[in-house]
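J.: Sending over a structure as structure tokens; questions will come in a sec.
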Amino acid sequence: MALDSLKTDGFKQIGTRPDRPDGVDKVTGRARFGADMTAPGMLWGVIVRSPHAHAKIVKIDTSAAEAMEGVKAVVTRADFSTKVQPAPGMRGEMWNVLENVMAGEKALYDGHAVAAIAATSQLAARDAAKAIKVEYEVLPHVTDVDKAMAEGAPVIREGTAEKSVPEGMHPNVVRYHESGHGDPEAGFAEADLVIEETFQTEATHQGYIEPHACLGTLGGDGKGELWCCTQGHWNVQKVCAALLDLETSQLRVTASEIGGGFGGKTAVFIEPVALALSRKANKPVKIVMNRADVFRATGPTASTSMDVKIGMKKDGTMTAATGVFRCQGGAFPGAPMEFTSMCAFAPYNLAHVKQIGYDVMTNRPKQAAYRAPGSPMAAFAVESVVDQLCNQLGLDPIDTRLKNASREGTQASFGPKWDRIGLVETLEAAKAHPHYATPLKEGQGRGVSCGFWFNHGGETAVSLALSEDGTAQLAVGTPDIGGSRASMAMMAAEELGIPYENVRCTVVDTASLGYNEISHGSRVTYASGLATIKAARDAVKKLCARAAAKWGIDEDAVKWEDGCAVPSGPNAGEHEPMPLAKITAKMGATGGPIVGHFEATPEGAGVSFATHIVDSEVDKETGKTTITRYTVVQDAGKAIHPTYVEGQYQGGAAQGIGWALNEEYIYGEDGRLQNAGFLDYRIPVASDLPMIDTVIVEVPNPGHPYGVRGVGETSICPPLAAIANAVSNASGVRLKQLPMSPPRILKALGTHD
Amino acid sequence: MSKVHVTTSINGDPVEFLCDPRETVLDVLRDRLGLTGAKEGCGTGDCGACSVTVDGRLVCSCLMLGAEAEGKEIGTVEGIATEEALHPLQKKFIEYAALQCGVCTPGILVAAKNLLEREPDPTEEQVRYWLAGNLCRCTGYDKIIRAVMDTAAEMREAS
């Protein structure tokens, strides 16, 4: 799309802040989330999970459980597809999902599903689950990324490695990435200062408050229905069909309201199990995960071990950069090491750059996407080194980043030339923000970091049906994870020229639209938004045709203005503007229902950059870090609903604060997760945080009719490094391992053993 | 196992139910009485999504047995709005975008309303500490705190 076709001003709806359509339901308790649905005759399902990190499943004895009162069905791996086959790397992903949903020969991590049971009540199902006897042969395990790559480490699954993995590496290294350009060694030779450091980040969980829940029914005829909380119900449909040998179209999936996802609900865990139980019991089955199982068995993000080396001249010019990123994503391929690698140096215009990524398997749960998967860890390592370089060379951190910033036309560290991007604008806005000029109090430190995320388009279908009374029903297929129904309704209202309140946007089921990719990659406001605009324009074209027919003139001689068809051009003649409601009132007699639709895979998702400023205080007695001030500056392209954009900025920053300071998966020597609950896996609470200031920068994305860029994910990229830099500035010690929990801070300060 | 017969009051209405002695108030509300406004986020009293009031006191309903509701007055999110109108907190939460996914919202509204009944003029710090038992993963709390503070100011003016 050419820039000149962009509409960036003169809006009536875009940029306003109307109430969200699901607001009243959500403040009154009426909104129906995953666990809020019931069905007549419904059973409750419970999943039996491995207590071992790595074990051969010798025998599963279900006889005692099956004999118990109220028990209606038991399933194991034998009740799932035998057609789905393993293959190296991500080519075997459907088999990986099957293996994760229900273990085959081996339990691969603490919490791995090995059997499931359905009974007439949740208590009966829980009691019966305890009566299922599983005989294990415990195997050696490994949960650390570096140890899993080392010689002699237990092999998770032989034959999983892709051919691209360099020879001689441990079989747990299953995928390899390499990209870059120039000659880094020559670049380092030009530098006045070269710093090389090693960093580690622990796995963190998306921490959505709503555990996974579903209600499924599947008959012996292969026809089924499923209700679940998911970020993508077409994907659930596809995966369940494959895992249960069903025809995709025979399974109708409805997405419930979703109580947070952040990437973690892009994956399928319990839905095929509920359907398998239902098929066996011939009754609907509901499964609701408990919190411990959410931590043990749904995907956290990858943990990492990273080496970053950057060279800089005295004037702040970066001469070269290299990075090696080792990511473990649990007992399956898929750790987002290519994203970690590609995002690492994306903010910088480098003549010489190289990044290498390793995907490593361990005995941990299968990692799932978490908000800009892979990028925050890379930013932590790279932006920490940039901060060290600035400190040692006496340079301003924002000026130095501006000096080296990626701009339109420069070559990205991972290959392509940048289109129109807004990094410089975020840096300039950060520099001009009062926060940056405010003097620090005694004991405080300030940190700055940039962050980058690609954003995504993806398969999208939208339909917009007009009602007789002139209102519009907008059907979208991307679950609303941040107020997107409001944004969609605003875009439709803008195009149709009718009030926002006259558009009802619904996330419809899989039977009602073509395939819609998951709500991920910050794609919804971009891709479903683009499709909404195009579907509305399709409806407008049809409205104009009805007016043209009524007036007896060419369709080309009618245009759409302020919600009315109006004659246009010299031969159109004189006609009163015909409002939308007047056309729809007669549509039954003038050609039938008027529906606009759009289906495509939009590929113009504009990338997004952010710059964060954070002030912190470190208590040298307790090691506790307090965030005293936080400012997010991010490019939104065009903010459709600015309040909801701010919400994405604030939410990402808060999750980043948790990741930086407290959150981590802690495994014992026995390979068991030791903190599978919100008491010990501590996400930020209200009293931990300050207000989070936001600045919305708008550098239009040429790939969207209004210039929209996705905003959901980039906000979690800068916090880890920005806080590490602030902590270093405040305390005088630099933490190279996350989280910067009080024990680690105290150890670094050397005040405690 | 034989069930327990319980007579209680929920949002001002008399209610009787039978429950297993192991069931929590949250189980009873959601699975026996169809009051699914209170959510189970953890089942261990750590997240506050199941917050209700019991005789005016803020309680995690996942930590109280159904049998213990005998003779008590229970308040849930479903009882916050009147027949005529939303409570000022509910209006402000929508206006401020103090909710994103909305799953923590019922618990936060029950807790915030309980705070304003005790302290009509709370400081930001008081609001933050009162709500520290209610986890929200979406918002970073900024808009929630602002919505509660502004509601308090508006309710003080109106009274």
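J.: So which of A:322, A:340, A:301, A:362 ends up being among the polar types (S, T, N, Q), at pLDDT 95 or above and surrounded by fewer than 24 Cβ atoms within 10 Å (Cβ to Cβ)? Walk me through how you get there before you give the answer.
T.: Working: A:340 fails: surrounded by fewer than 24 Cβ atoms within 10 Å (Cβ to Cβ); A:301 fails: surrounded by fewer than 24 Cβ atoms within 10 Å (Cβ to Cβ); A:362 fails: surrounded by fewer than 24 Cβ atoms within 10 Å (Cβ to Cβ).
Result: A:322 is the single residue among A:322, A:340, A:301, A:362 that is among the polar types (S, T, N, Q), at pLDDT 95 or above and surrounded by fewer than 24 Cβ atoms within 10 Å (Cβ to Cβ).
J.: Residues in region A:630-651 that are within 30 Å of residue A:7 (Cα to Cα), more than 8 Å from chain B (Cβ to nearest Cβ) and of a type outside the set (D, E, K, R): how many?
T.: Restricting attention to region A:630-651, the residues satisfying the condition of being within 30 Å of residue A:7 (Cα to Cα) are A:631-651.
Pick out the ones that are also more than 8 Å from chain B (Cβ to nearest Cβ) and you get A:631-642, A:645, A:648-649.
Remaining after also requiring of a type outside the set (D, E, K, R): A:631-634, A:636-637, A:639-642, A:645, A:648-649.
Count: 13.
J.: Moving on to the next point. Can you tell me how many residues in region B:89-114 are more than 7 Å from chain A (Cβ to nearest Cβ), in a helix (DSSP H, G or I) and closer than 19 Å to residue B:58 by Cβ?
T.: Qualifying residue count for the region: 8.
J.: Assuming residue A:8 fulfils every condition listed in (1) touching a residue at least 60 places away in the same chain (Cβ under 8 Å); (2) within 14 Å of chain B (Cβ to nearest Cβ) apart from one, which condition is it?
T.: The one condition residue A:8 does not meet is (2).
J.: Do we find that residue A:501 is acidic (Asp, Glu) and within 24 Å of residue A:10 (Cβ to Cβ) in this structure?
T.: On the way: acidic (Asp, Glu): yes; within 24 Å of residue A:10 (Cβ to Cβ): yes.
Yes.
J.: Additional query: When you check residue A:193 against the structure, is it away from every other protein chain (no Cβ under 14 Å) and in contact with a helix residue (DSSP H, G or I) (Cβ under 7 Å, 6 or more places away or on another chain), yes or no? Give the steps one after another, and end with the answer.
T.: Values: away from every other protein chain (no Cβ under 14 Å): yes; in contact with a helix residue (DSSP H, G or I) (Cβ under 7 Å, 6 or more places away or on another chain): yes.
Answer is yes for this residue.
J.: Within the set of pairs 6 or more residues apart or between chains, which connect a residue that is more than 25 Å from residue A:255 (Cα to Cα) and within 14 Å of chain B (Cβ to nearest Cβ) inside region A:197-214 to a residue that is polar (S, T, N, Q) and surrounded by 24 or more Cβ atoms within 10 Å (Cβ to Cβ) with Cβ atoms less than 6 Å apart?
T.: A:204/A:301
J.: Which count do you get for residues in region A:696-734 that are free of Cβ contacts under 8 Å to residues at least 60 places away in the same chain and touching a helix residue (DSSP H, G or I) at 6+ places or on another chain (Cβ under 6 Å)? First the steps, then the outcome.
T.: Of all residues in region A:696-734, those free of Cβ contacts under 8 Å to residues at least 60 places away in the same chain come to A:732-733.
Next, only the ones that are touching a helix residue (DSSP H, G or I) at 6+ places or on another chain (Cβ under 6 Å) stay: A:733.
Qualifying residue count, region A:696-734: 1.
J.: Among the listed residues A:414, A:454, identify the single one that is in contact (Cβ under 8 Å) with a residue 24 or more places away in the chain, among the aromatic types (Phe, Trp, Tyr) and farther than 19 Å from residue A:697 by Cα.
T.: Every option except A:414 fails the conditions.
J.: Residue by residue through region B:29-57, note down the ones that are closer than 19 Å to residue B:130 by Cβ, at the interface with chain A (Cβ under 7 Å from one of its Cβ atoms) and small (Gly, Ala, Ser).
T.: B:41, B:49
J.: Here is a further query. Specify the residue that is farthest from residue A:746 (Cα to Cα); the eligible residues are those in region A:613-626 that are crowded, with 24+ Cβ neighbours inside 10 Å and of a type in the set (Val, Ile, Thr).
T.: A:613
J.: Do any helices (runs of 4 or more DSSP H) entirely within region A:20-131 hold 3 or more residues that are among the charged types (D, E, K, R) and more than 30 Å from the chain's Cα centre (by Cα), and if so, which? Talk me through it step by step, then tell me what you get.
T.: Values: elements: A:23-28, A:63-66, A:93-101, A:122-130.
Where helices (runs of 4 or more DSSP H) fall fully within region A:20-131 and carry at least 3 residues being among the charged types (D, E, K, R) and more than 30 Å from the chain's Cα centre (by Cα), they are A:122-130.
J.: Residue under question is residue A:462, and the condition is that it be under 30 Å from residue B:139 (Cβ atoms), crowded, with 24+ Cβ neighbours inside 10 Å and not hydroxyl-bearing (Ser, Thr, Tyr); does it hold?
T.: Numbers: under 30 Å from residue B:139 (Cβ atoms): yes; crowded, with 24+ Cβ neighbours inside 10 Å: yes; not hydroxyl-bearing (Ser, Thr, Tyr): yes.
Spelling it out, residue A:462 is indeed under 30 Å from residue B:139 (Cβ atoms), crowded, with 24+ Cβ neighbours inside 10 Å and not hydroxyl-bearing (Ser, Thr, Tyr).
J.: Which residues, counting only those in region B:133-144, are closer than 21 Å to residue A:652 by Cβ, assigned to a helix (DSSP H, G or I) and within 16 Å of the chain's Cα centre (by Cα)? So that I can check it myself, show each step before the final result.
T.: Our first condition is that a residue be closer than 21 Å to residue A:652 by Cβ; within region B:133-144, this holds for B:134-144.
Okay, now just the ones that are also assigned to a helix (DSSP H, G or I), so B:142-144.
Passing the criteria: only B:144.
J.: Starting from region B:123-144, keep only residues that are more than 7 Å from every other protein chain (Cβ to nearest Cβ), then list their pairs with residues that are in a loop (DSSP other than H, G, I, E, B) and surrounded by fewer than 20 Cβ atoms within 10 Å (Cβ to Cβ) whose Cβ atoms are within a distance under 8 Å, requiring at least 6 positions of separation or different chains.
T.: B:126/B:119; B:130/B:122
J.: Also, quick follow-up: Can you say whether residue A:217 is away from every other protein chain (no Cβ under 14 Å) and either under 30 Å from residue A:721 (Cα atoms) or in a strand (DSSP E or B) (or both), as far as the supplied structure shows? Talk me through it step by step, then tell me what you get.
T.: Details: away from every other protein chain (no Cβ under 14 Å): yes; either under 30 Å from residue A:721 (Cα atoms) or in a strand (DSSP E or B) (or both): yes.
Criteria met by residue A:217.
J.: Would you point out the residue of region A:660-684, among those that are touching a Lys or Arg at 6+ places or on another chain (Cβ under 6 Å) and hydrophobic (A, V, I, L, M, F, W, C), that is farthest from the other protein chains (Cβ to nearest Cβ)?
T.: Per the criteria, the residue is A:673.
J.: Now a separate question. Any residue that is modelled with pLDDT of 95 or more, within 15 Å of the chain's Cα centre (by Cα) and more than 10 Å from chain A (Cβ to nearest Cβ) - is there at least one of those in region B:17-26?
T.: Taking region B:17-26 as the starting set, the residues that turn out to be modelled with pLDDT of 95 or more are B:17-26.
When the remaining residues are screened for being within 15 Å of the chain's Cα centre (by Cα), the result is B:25-26.
The next check asks that each one be more than 10 Å from chain A (Cβ to nearest Cβ); those that pass are B:25-26.
Scanning region B:17-26, I find at least one residue that is modelled with pLDDT of 95 or more, within 15 Å of the chain's Cα centre (by Cα) and more than 10 Å from chain A (Cβ to nearest Cβ), so the answer is yes.
J.: Check residue A:602 against each of (1) of a type outside the set (S, T, N, Q); (2) more than 13 Å from chain B (Cβ to nearest Cβ); (3) more than 30 Å from residue A:460 (Cα to Cα) and name the one condition it does not meet.
T.: (3)
J.: Now for a different question. Filter region A:588-625 down to the residues that are under 30 Å from residue A:407 (Cα atoms) and among the hydrophobic types (A, V, I, L, M, F, W, C) and list them by number. Let's see the steps before the verdict.
T.: So in region A:588-625, the residues under 30 Å from residue A:407 (Cα atoms) come out as A:600-615.
Correct list: A:600, A:605, A:607, A:609, A:610, A:613, A:614.
J.: Name the residue, out of B:125, B:78, B:68, B:117, that is over 14 Å from the mean Cα position of the chain (by Cα), over 16 Å from residue A:686 (Cα atoms) and assigned to a helix (DSSP H, G or I).
T.: Details: B:125 fails: over 16 Å from residue A:686 (Cα atoms); B:78 fails: over 14 Å from the mean Cα position of the chain (by Cα); B:117 fails: over 14 Å from the mean Cα position of the chain (by Cα).
Result: B:68 is the single residue among B:125, B:78, B:68, B:117 that is over 14 Å from the mean Cα position of the chain (by Cα), over 16 Å from residue A:686 (Cα atoms) and assigned to a helix (DSSP H, G or I).
J.: On to the next question. Identify, please: which residue in region A:685-700 is within 9 Å of chain B (Cβ to nearest Cβ) and in contact with a strand residue (DSSP E or B) (Cβ under 9 Å, 6 or more places away or on another chain) and is, among those, surrounded by the most Cβ atoms within 10 Å (Cβ to Cβ)? Working first, answer last.
T.: So the first thing to find is which residues in region A:685-700 are within 9 Å of chain B (Cβ to nearest Cβ), and the list is A:685-694.
From the residues that got through so far, the ones that are in contact with a strand residue (DSSP E or B) (Cβ under 9 Å, 6 or more places away or on another chain) too are A:688-694.
Values: A:688: 19, A:689: 21, A:690: 19, A:691: 15, A:692: 26, A:693: 19, A:694: 21.
Selected residue: A:692.
Rundown of residues vs (1) small (Gly, Ala, Ser); (2) more than 14 Å from every other protein chain (Cβ to nearest Cβ); (3) crowded, with 21+ Cβ neighbours inside 10 Å, yes/no style:
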residue: A:23; (1), (2), (3): yes, no, yes
residue: A:31; (1), (2), (3): yes, no, yes
residue: A:46; (1), (2), (3): no, no, yes
residue: A:64; (1), (2), (3): yes, yes, no
residue: A:94; (1), (2), (3): no, yes, no
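J.: Further, regarding this structure: Evaluate the following for residue A:657: is it in contact with a Pro (Cβ under 7 Å, 6 or more places away or on another chain), buried (at least 24 other Cβ atoms within 10 Å of the Cβ) and within 14 Å of another protein chain (Cβ to nearest Cβ)?
T.: Answer is yes for this residue.
J.: List every residue pair whose Cβ atoms lie under 9 Å apart, where the two residues are 6 or more positions apart in sequence or sit on different chains, the first residue falls within region A:476-497 and is touching a residue at least 60 places away in the same chain (Cβ under 8 Å), and the second residue, located anywhere, is charged (D, E, K, R) and not in a loop (DSSP other than H, G, I, E, B).
T.: Filtered contacts from region A:476-497: A:479/A:257; A:480/A:257; A:485/A:504; A:489/A:501; A:489/A:504; A:493/A:501; A:497/A:561.
The values are calculated or read from the model by the stated rules, or taken from the named source; none is laboratory data. Please read these numbers as outputs of a predicted model, since none were measured by experiment. Cβ atoms come from the backbone with ideal geometry, glycine included; neighbour counts cover every protein chain shown.
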